[in-house]
1. Filter region 138-178 for residues that are farther than 19 Å from residue 71 by Cα and assigned to a loop (DSSP other than H, G, I, E, B); which is nearest to the chain's Cα centre (by Cα)?
2. Answer yes if at least one residue in region 52-60 is assigned to a helix (DSSP H, G or I), farther than 16 Å from residue 217 by Cα and of a type in the set (A, V, I, L, M), and no otherwise.
3. Considering (1) farther than 19 Å from residue 5 by Cα; (2) touching a strand residue (DSSP E or B) at 6+ places or on another chain (Cβ under 6 Å); (3) not small (Gly, Ala, Ser), say which one residue 176 fails and leave the rest.
4. For the list (1) among the small types (Gly, Ala, Ser); (2) free of Cβ contacts under 8 Å to residues at least 40 places away in the same chain; (3) touching a Phe, Trp or Tyr at 6+ places or on another chain (Cβ under 7 Å), I need the number of the one condition that residue 192 fails.
5. Quickly run through region 185-202 and pick out the residues that are over 11 Å from the mean Cα position of the chain (by Cα) and crowded, with 20+ Cβ neighbours inside 10 Å.
6. Inspect region 113-123 for any residue being outside any strand (DSSP E or B), over 22 Å from residue 71 (Cβ atoms), basic (Lys, Arg) and touching a helix residue (DSSP H, G or I) at 6+ places or on another chain (Cβ under 7 Å) and give the result as yes or no.
7. Of everything in region 3-23, what is part of a helix (DSSP H, G or I) and touching a residue at least 12 places away in the same chain (Cβ under 8 Å)? Give them in sequence order.
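The values are calculated or read from the model by the stated rules, or taken from the named source; none is laboratory data. Since we're looking at a predicted model, the values are computed, not measured. Glycine also receives a Cβ, built like all others from the backbone with ideal geometry; neighbour counts cover every protein chain displayed.
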Amino acid sequence: MSGNKTIADLAAMIDQTLLSPKVGLVESAEWCARNADRGFATLCVTPAIVPYAVERLASEPTRVCSVVGFPLGYSASETKAEEAARLVRLGCSEIDMVLHVGALLEGDEDYVRDDIAAVVGAAFGASADALVKVILETGYLTDVDIERACRLAEAAGAAFVKTSTGFGPRGASVHDVEVMRAAVGDLLGVKAAGGIRDLETALEMIHAGASRLGTSSGGEILDQLAARAG
């Protein structure tokens, strides 16, 4: 154990992620096979690989997550909603959507809330068990912006707020997570993503209030915890 987390505990908090534009379908399928039985909360994959991931994980507790409006967030709300519904119908259990950062920075709170609500409604319409995480891209935001975004995500029915895409100006910070957790309290989950590559960083994010971690280094992080425990 480290920080009172067993390997199984920590694995169940990780969205093991493969969203690189350089990775094709064959490599993605091989990656899914390698990670299927490690106990992760989800495998977070590109929309194109969702059908294979759903099939591969059918007998595993690990769920399938994919992304909508990724990575820039400025797709039309109708496009985001349609993509979310399609992914959920294919068997995707969790959707990570990027909010419209520009609309948030301009103060158009109605647009931001309605944009999120369109995706939440589409996902729920396809499956009552689906949940939506809202990526804030905190590298562009002040603390006040982060707090507003969290409030709007909550009002729109999202299940989680998430720090970053990993393609923005920076990844997650402990401070981001603290601000987000303070803003949502216990009402929403908080997902830290972007730059989490080792056990120490993962535990720092959890201590700050993250209930989910997005990382492409989940296997290495679990191995580090196993080595420490051993």
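1. Checked region 138-178; the qualifying residue nearest to the chain's Cα centre (by Cα) is 159.
2. Within region 52-60 (the criterion being assigned to a helix (DSSP H, G or I), farther than 16 Å from residue 217 by Cα and of a type in the set (A, V, I, L, M)), the answer is yes, since at least one residue qualifies.
3. Every condition holds for residue 176 apart from (2).
4. Condition (3) is where residue 192 drops out.
5. 188, 196, 199, 202
6. Taking region 113-123 as the starting set, the residues that turn out to be outside any strand (DSSP E or B) are 113-123.
Checking the rest, the ones that are also over 22 Å from residue 71 (Cβ atoms) come to 121.
Subsequent filtering for residues that are basic (Lys, Arg) retains none.
Looking for residues that are outside any strand (DSSP E or B), over 22 Å from residue 71 (Cβ atoms), basic (Lys, Arg) and touching a helix residue (DSSP H, G or I) at 6+ places or on another chain (Cβ under 7 Å), one finds none in region 113-123, hence no.
7. Within region 3-23, 7, 8, 10, 11 qualify.
Conditions tested, residue by residue: (1) within 19 Å of residue 192 (Cα to Cα); (2) touching a Phe, Trp or Tyr at 6+ places or on another chain (Cβ under 8 Å).
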{"site": "16", "(1), (2)": "yes, yes"}
{"site": "25", "(1), (2)": "no, yes"}
{"site": "39", "(1), (2)": "yes, no"}
{"site": "44", "(1), (2)": "yes, no"}
